Amino acid sequence: MVAKPTGPKLRATDSYVAVVAEVLSVEATIDWATLPQCGAVVTFTGVVREYSTERAGRPAGGVVSIDYQAYESVARVRLIEIADAARERWPGIGRIALLHRVGSVRLGEASVLVCVSSGHRVDAFLAAQFCIDVLKACVPVWKLEQRAGISDWVETGVQIEGVERAASHWLPATYGRSS
């Protein structure tokens, strides 16, 4: 099953947020976000990669999947707050989609999807970066990496904070360097 931006999860404000177990459809999300008045649609897709960083800071390979767990009711509220905060900063945004998977996500599959449409590319790029950076700082999602016969919780070192606080610290040149 593929998560597509339709139905009751769509808000009247043209924001689509979801925490789902289904495969994320990048194409369907771009189609939904594309509006006649928007000349830019920027998408960030976070995928499961084959390595991570050990607690000691060394690369650790062999990741085959990640089991994502979330405090889903809080995660959804935070996603809405992030979309609203982006709209305050960039009022020309047309649509915003913020989607995160839970459950087992295999190597190469999308775990998180951010899609922003806007009248102009600069607003769309900045808003998309803002959304993923703030999402990583304040949405309660945890990762259990699966390697051949080994499971290990990922320690991000990031204290989960509120959207307003994370947004107030955001600068495009400094956020998202390690994630």
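For the reader, a short list of remarks on this structure follows.
- Boolean, Phe130 is outside any strand (DSSP E or B), among the aromatic types (Phe, Trp, Tyr) and within 18 Å of Ile160 (Cβ to Cβ): yes
- Segment 90-125, subset outside any strand (DSSP E or B) and among the charged types (D, E, K, R), residue most open to solvent (accessible area, probe 1.4 Å): Arg121
- Per-region count, segment 27-40, residues open to solvent by 50 Å² or more (accessible area, probe 1.4 Å) and either touching a helix residue (DSSP H, G or I) at 6+ places or on another chain (Cβ under 7 Å) or not in a loop (DSSP other than H, G, I, E, B) (or both): 3
- Subset of segment 3-26 [out of contact with any helix residue (DSSP H, G or I) (no Cβ under 9 Å at 6 or more places or on another chain), of a type in the set (Gly, Ala, Ser) and modelled with pLDDT under 95]: Gly7, Ala12
- Checked against the criterion of being open to solvent by 40 Å² or more (accessible area, probe 1.4 Å) and either out of contact with any Phe, Trp or Tyr (no Cβ under 7 Å at 6 or more places or on another chain) or outside any loop (DSSP other than H, G, I, E, B) (or both), the candidates Leu171, Leu144 yield just one match: Leu171.
- Lone unmet requirement of (1) open to solvent by less than 30 Å² (accessible area, probe 1.4 Å); (2) under 26 Å from Gly162 (Cβ atoms); (3) part of a strand (DSSP E or B) for Ala60: (2)
- Condition met for Asp84 (outside any loop (DSSP other than H, G, I, E, B), at pLDDT 95 or above, closer than 15 Å to Ala127 by Cα and not hydroxyl-bearing (Ser, Thr, Tyr)): yes
- When Val20 is tested against (1) open to solvent by less than 30 Å² (accessible area, probe 1.4 Å); (2) over 14 Å from the mean Cα position of the chain (by Cα), exactly one condition is not met: (2).
The values are calculated or read from the model by the stated rules, or taken from the named source; none is laboratory data. In this text, all values refer to a predicted model and were calculated from it rather than measured experimentally. All Cβ positions, even for glycine, are placed from backbone atoms using ideal geometry, and neighbour counts span all protein chains on display. Heads up: the accessible areas ignore ligands, DNA and RNA and are worked out on the full protein's heavy atoms, side chains in. Shrake-Rupley method; radii C 1.70, N 1.55, O 1.52, S 1.80 Å.
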